[in-house]
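S.K.: Pasting a structure here, questions to come.
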Amino acid sequence: MQTLMRNAFVYTGDEKWRSFADGTLLVEDDHIAWVGESAEWAVVASTNQFSPDLVLDMDGTVIIPGLINAHAHGGLSIHRGVCDDGDLFSWARRLAPHTSHLVEADLIFGCYLAIMEQVTSGTTCTCDCTRYGTSIFAQVSSVIGSRSLSGTLVNSPELRPEGRPNWPSALEETEAALTEFSGTPRVRFFLGTHSPYNCTAELLIEVKQQAERLGLPFNIHVAETHTEVVQVQIARGHRPVEWLDYLGLLDANCLIDHAVWLAPNEIEILAQRGVAVAHCPVSNAKLASGIAPVPELRRAGVPVGLGTDSVLSQNSQDMFQEMKLAVLLQRASRLNGSVLSARDAIRMATLESARALQWADEIGSISVGKQADLVVINLSHPQGLTAERVESDLVYACGPHKVRTVLVAGEVIYDRGRFTRFDAEALKEQIRHRYHHVQTES
């Protein structure tokens, strides 16, 4: 099946930052077969014997690569707004009675809420973390049609006593999920630990070894708060990144979340080991955790993707909001108006997130041969669209209300306010009923 999308501003976000003001895009089955200026299409079509089955006039909209959320906790979404104040540790203590006793239905509905919000704000792929129910996010994303890298973050019961122990059950669930979703190209898994402060050295090493055995990425929260850094220094005699490196856990298959409180030598360690970072600016700001040293990380060559974290920590799954605040926080805190640009933020939300998820060979830019994960945006400018104006609007003036259509692997999964694979309104009614039920029990 070949689908030709013409009369669009195509913002590729590729390595060369190519844009096509009067662009044409050819999708063949699940991948991008051609992209370029419309004036070139006739010659290209005849030379390559392209014969589209469907031609779509995109009405002057903007087509961008699907946004990639590098860190989320979808299963917690049923409790949005339960606790909006406090720093990370006081917030976590107040949430524990709610989050430690979630049952499968809560996790399923939470994942539906999260993924629906993600898709309607232009996200086509999400890295999602859970404590229980390893395969639930993948199951829900498969129903909706989005792409996912998901898994369980385990912890040591003696260091995090609230809730049920999740090891080795997480390993068993992961192995089962790999079998269940074998041959499902939109679904991948990782295995990880929650953080250095609530995992013993023995557990950290064991989980990393099991991830390596299964050929999976390793994921962990690191240096999210100054309090964490102090705790780890007292308990281990090292800062968090130093400690993980001492244990031999850091390599190119490792993704660390937050990375707010890093010393210069820790940034150097991450760069040397090929570790990627998921930056969550809105969550870090709301929980008063701090501002990650994003410019320093990127200058050192560390891939920095953008993530939303959970709706408990920041209430939204809107990646446009993450891009905007990523830029504004760096500029305001450094009194430097050029320390991070709109283009930088777009790169972090697309290709760098793809690199962080080890998926950049297939997603993250509009490039021939890559998967057709695309977002159609209603953007306009009184003086006409240019690449610079598109970048400015995407980061500083865009939001879910501008998202018209979302495609994953060439399939339209959301169009003009409607999901194509399932009855979202019927599901929302079930979710409303369950949310009332949970609140009544709380």
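The values are calculated or read from the model by the stated rules, or taken from the named source; none is laboratory data. Please read all numbers here as calculations on a predicted model, not as lab measurements. No Cβ is skipped: glycine too gets one built from the backbone with ideal geometry, and neighbour counts run over all protein chains shown.
S.K.: Give segment 96-138 a look and list any residue that's small (Gly, Ala, Ser), crowded, with 21+ Cβ neighbours inside 10 Å and under 21 Å from residue 176 (Cα atoms), or say none.
M.R.: Pass one, segment 96-138, residues small (Gly, Ala, Ser): 96, 100, 105, 110, 114, 121-122, 133, 135, 138.
Going one step further and asking which of them are crowded, with 21+ Cβ neighbours inside 10 Å, we end up with 110, 114, 121-122, 133, 135, 138.
Listed by number, the residues that qualify are 133, 135, 138.
S.K.: Given (1) free of Cβ contacts under 8 Å to residues at least 60 places away in the same chain; (2) surrounded by 21 or more Cβ atoms within 10 Å (Cβ to Cβ), identify the lone condition not met by residue 92.
M.R.: Condition not satisfied by residue 92: (2).
S.K.: Does segment 48-59 hold any residues that are modelled with pLDDT under 90 and outside any loop (DSSP other than H, G, I, E, B), and which are they?
M.R.: Our first condition is that a residue be modelled with pLDDT under 90; within segment 48-59, this holds for 48-49.
Residue satisfying the conditions is 48 alone.
S.K.: If you check 228, 206, 266, 224, which single one turns out to be assigned to a loop (DSSP other than H, G, I, E, B), surrounded by 15 or more Cβ atoms within 10 Å (Cβ to Cβ) and among the charged types (D, E, K, R)? I'd like the intermediate steps shown before the answer.
M.R.: Details: 228 fails: assigned to a loop (DSSP other than H, G, I, E, B); 206 fails: assigned to a loop (DSSP other than H, G, I, E, B); 266 fails: assigned to a loop (DSSP other than H, G, I, E, B).
Answer to the selection: 224.
S.K.: Same structure, new question: Tally the residues that are among the polar types (S, T, N, Q) and in contact with a Gly (Cβ under 9 Å, 6 or more places away or on another chain), restricting the search to segment 203-237.
M.R.: Total satisfying the criteria: 2.
S.K.: Here's another thing I want to ask about it. Can you report the number of residues in segment 317-340 which are surrounded by fewer than 19 Cβ atoms within 10 Å (Cβ to Cβ), outside any helix (DSSP H, G or I) and in contact (Cβ under 8 Å) with a residue 40 or more places away in the chain? Spell out the reasoning first.
M.R.: Within segment 317-340, the subset surrounded by fewer than 19 Cβ atoms within 10 Å (Cβ to Cβ) is 328, 331-339.
Remaining after also requiring outside any helix (DSSP H, G or I): 335-339.
Applying the additional criterion that residues be in contact (Cβ under 8 Å) with a residue 40 or more places away in the chain yields 339.
Count: 1.
S.K.: Examine segment 380-388 for a residue that is touching a His at 6+ places or on another chain (Cβ under 7 Å) and not in a loop (DSSP other than H, G, I, E, B), and state whether such a residue exists. Let's see the steps before the verdict.
M.R.: Our first condition is that a residue be touching a His at 6+ places or on another chain (Cβ under 7 Å); within segment 380-388, this holds for none.
Looking for residues that are touching a His at 6+ places or on another chain (Cβ under 7 Å) and not in a loop (DSSP other than H, G, I, E, B), one finds none in segment 380-388, hence no.
S.K.: Is it the case, given these coordinates, that residue 105 is among the hydrophobic types (A, V, I, L, M, F, W, C) and touching an Asp or Glu at 6+ places or on another chain (Cβ under 9 Å)?
M.R.: On the way: among the hydrophobic types (A, V, I, L, M, F, W, C): yes; touching an Asp or Glu at 6+ places or on another chain (Cβ under 9 Å): no.
Criteria not met by residue 105.
S.K.: Given the criterion over 17 Å from residue 64 (Cβ atoms), in contact with a Leu (Cβ under 9 Å, 6 or more places away or on another chain) and among the charged types (D, E, K, R), identify the matching residue among 402, 428. Let's see the steps before the verdict.
M.R.: Numbers: 402 fails: over 17 Å from residue 64 (Cβ atoms).
After applying the criteria, what remains is 428.
S.K.: OK, next. Quick check on my filter: what residues within segment 156-188 are among the hydroxyl-bearing types (Ser, Thr, Tyr), outside any loop (DSSP other than H, G, I, E, B) and over 21 Å from the mean Cα position of the chain (by Cα)? Write out each step before concluding.
M.R.: The first filter runs over segment 156-188 and keeps only residues among the hydroxyl-bearing types (Ser, Thr, Tyr), leaving 156, 169, 174, 179, 182, 184.
Then drop every residue that is not outside any loop (DSSP other than H, G, I, E, B), which leaves 169, 174, 179.
Once the filter is applied, which keeps residues that are among the hydroxyl-bearing types (Ser, Thr, Tyr), outside any loop (DSSP other than H, G, I, E, B) and over 21 Å from the mean Cα position of the chain (by Cα), segment 156-188 yields 169, 179.
S.K.: Here's a follow-up. Looking only at segment 12-29, which residues are assigned to a strand (DSSP E or B) and either free of Cβ contacts under 8 Å to residues at least 60 places away in the same chain or out of contact with any strand residue (DSSP E or B) (no Cβ under 7 Å at 6 or more places or on another chain) (or both)?
M.R.: First, the residues of segment 12-29 that are assigned to a strand (DSSP E or B): 19-28.
Result: 20, 22, 23, 24, 26.
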